[in-house]
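Student: Let me begin by handing over the structure; questions about it come next.
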Amino acid sequence: MKRIYCGLLALGLALGASGCGQVRQPEAVETVGEAQVEAEKPKYVALTFDDGPRYNTTGPLLDGLAKRGVVATFFVIGRQVEGNEDLICRMAADGHQIGNHTYSHVALQDLDPDAVVEEIQKTEVVLEHLVGEREFWLRPPYGLIDSSRAALVDTPMVYWTVDPEDWRILDSDRVAEAVVSKVESGDVVLLHDFYPTSVEAALEIVDRLAAEGYTFVTVEQLFRINGVAPQAGVLYASPEKTRKIS
């Protein structure tokens, strides 16, 4: 572990002193009261994006979300931040939640413990340099992690409840329909801001679900709304559902 700490310290020093400057903290969202009539209960959904940032896709996505006043959650790959620092700053400034998708997108369950810690902490160092100290929830690549490695994670972990397999379909209309036809209030939707078709689908999803009365929130906000305090090292599909880790 000492070797990892020294390596992370060196990475932090190499990044220098610059950051995003003033960044916006995610806004609080009121919890749903028990006394509310069912017909009046708001509908919430959390859009999540993996594998960015990528300049020619994440940038237009941020533009589209900002135009619509929508927040989302971005699970970023640490090694892709260099050269795309402005995108991370925009995420923070626009109130999006920024999460950790490891430094090099490797299956954590295939790594030894020191390598798992390094993959997570290297990304944390890069992100903290830009947006300051905060908790970066983890989405394990491919959603895979075992119990021994989950015990090394000191933040909540996020899976999903709706997966349109946008990375495979690469068709914006089909991806949007796959989400809109299945989504329910409280869902966590998996998308990837790495593909142009996924960006197009995401904005279509926002427009269609907004017309149905949905409000878009970050994953962290979704937990607050449901009154759930997430625990470190637990893999959540949603605030109400956990994934069994063996």
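Student: Write out, first by first residue and then by second, each pair whose Cβ atoms fall under 8 Å of each other, whose residues are 6+ apart or on separate chains, and whose first residue, in region 218-240, is in a helix (DSSP H, G or I) while the second is of a type in the set (S, T, N, Q) and modelled with pLDDT under 95.
Tutor: R224/T31; I225/T31
Student: Can I ask one more? Tell me, please, whether a residue that is touching a Lys or Arg at 6+ places or on another chain (Cβ under 7 Å) and either basic (K, R) or at pLDDT 95 or above (or both) can be found in region 117-140. Steps first, answer last, please.
Tutor: Quick first cut of region 117-140, residues touching a Lys or Arg at 6+ places or on another chain (Cβ under 7 Å) only: none.
No: region 117-140 contains no residue that is touching a Lys or Arg at 6+ places or on another chain (Cβ under 7 Å) and either basic (K, R) or at pLDDT 95 or above (or both).
Student: Being buried (at least 21 other Cβ atoms within 10 Å of the Cβ) and among the acidic types (D, E) is true for just one of D63, D50. Which residue is that?
Tutor: Working: D63 fails: buried (at least 21 other Cβ atoms within 10 Å of the Cβ).
When all the criteria are applied, what remains is D50.
Student: Out of region 94-114, which residues are surrounded by fewer than 17 Cβ atoms within 10 Å (Cβ to Cβ), outside any loop (DSSP other than H, G, I, E, B) and at pLDDT 95 or above?
Tutor: The answer is P113, D114.
Student: Among the numbered criteria (1) under 17 Å from the mean Cα position of the chain (by Cα); (2) assigned to a helix (DSSP H, G or I), which one does H129 miss?
Tutor: (1) is the only condition that H129 fails.
Student: Can I ask one more? All but one of (1) within 16 Å of R54 (Cα to Cα); (2) of a type in the set (D, E, K, R); (3) at pLDDT below 95 hold for E85, so report the exception by its number.
Tutor: Unmet for E85, out of (1) within 16 Å of R54 (Cα to Cα); (2) of a type in the set (D, E, K, R); (3) at pLDDT below 95: (3).
Student: Let me ask another. Out of everything in region 203-246 that is under 14 Å from G143 (Cα atoms) and not aliphatic (A, V, I, L, M), what residue ends up being farthest from the chain's Cα centre (by Cα)?
Tutor: Here is the first cut: in region 203-246, the residues under 14 Å from G143 (Cα atoms) are 233-238, 242-246.
Next, only the ones that are not aliphatic (A, V, I, L, M) stay: 233, 236, 238, 242-244, 246.
On the way: G233: 16, Y236: 12, S238: 12, T242: 16, R243: 17, K244: 20, S246: 23 Å.
The extreme case among them is S246.
Student: Conditions first: (1) crowded, with 18+ Cβ neighbours inside 10 Å; (2) touching a residue at least 60 places away in the same chain (Cβ under 8 Å). E124 passes all but one, so which condition is the exception?
Tutor: The one condition E124 does not meet is (2).
Student: From the list D173, D193, D163, pick out the single residue that is among the acidic types (D, E) and under 13 Å from A72 (Cβ atoms).
Tutor: None of the other options fit; the residue is D193.
Student: Collect the residues in region 147-159 that are among the polar types (S, T, N, Q) and in contact with a helix residue (DSSP H, G or I) (Cβ under 6 Å, 6 or more places away or on another chain), keeping them in residue-number order. Reasoning before the result, please.
Tutor: Quick first cut of region 147-159, residues among the polar types (S, T, N, Q) only: 147-148, 155.
Residues satisfying the conditions do not exist here.
Student: Please pick out the residue among V234, V180, V228, V162 that is surrounded by 21 or more Cβ atoms within 10 Å (Cβ to Cβ) and either touching a helix residue (DSSP H, G or I) at 6+ places or on another chain (Cβ under 7 Å) or β-branched (V, I, T) (or both).
Tutor: Working: V234 fails: surrounded by 21 or more Cβ atoms within 10 Å (Cβ to Cβ); V180 fails: surrounded by 21 or more Cβ atoms within 10 Å (Cβ to Cβ); V228 fails: surrounded by 21 or more Cβ atoms within 10 Å (Cβ to Cβ).
On inspection, the qualifying residue turns out to be V162.
Student: Additional query: How many of the residues in region 204-215 are in contact with a Phe, Trp or Tyr (Cβ under 8 Å, 6 or more places away or on another chain) and crowded, with 17+ Cβ neighbours inside 10 Å? If you could, list the steps in order and put the result at the bottom.
Tutor: The first filter runs over region 204-215 and keeps only residues in contact with a Phe, Trp or Tyr (Cβ under 8 Å, 6 or more places away or on another chain), leaving 206, 209-210, 214-215.
Within this subset, residues satisfying the condition of being crowded, with 17+ Cβ neighbours inside 10 Å are 206, 209, 214.
Total satisfying the criteria: 3.
Student: Now for a different question. With respect to the numbered conditions (1) crowded, with 20+ Cβ neighbours inside 10 Å; (2) under 18 Å from F136 (Cα atoms); (3) of a type outside the set (S, T, Y), which one is the sole condition not fulfilled by E85?
Tutor: It fails just one condition, (1).
Student: Considering each of V45, V71 in turn, give the residue that is part of a loop (DSSP other than H, G, I, E, B) and either in contact with a Phe, Trp or Tyr (Cβ under 9 Å, 6 or more places away or on another chain) or surrounded by fewer than 19 Cβ atoms within 10 Å (Cβ to Cβ) (or both). So that I can check it myself, show each step before the final result.
Tutor: Working: V45 fails: part of a loop (DSSP other than H, G, I, E, B).
The match here is V71.
The values are calculated or read from the model by the stated rules, or taken from the named source; none is laboratory data. Since the model is a prediction, treat every value here as computed from it, not as a measurement. Heads up, the Cβs are rebuilt from the backbone with ideal geometry, glycines too, and the neighbour counts pull from every protein chain shown.
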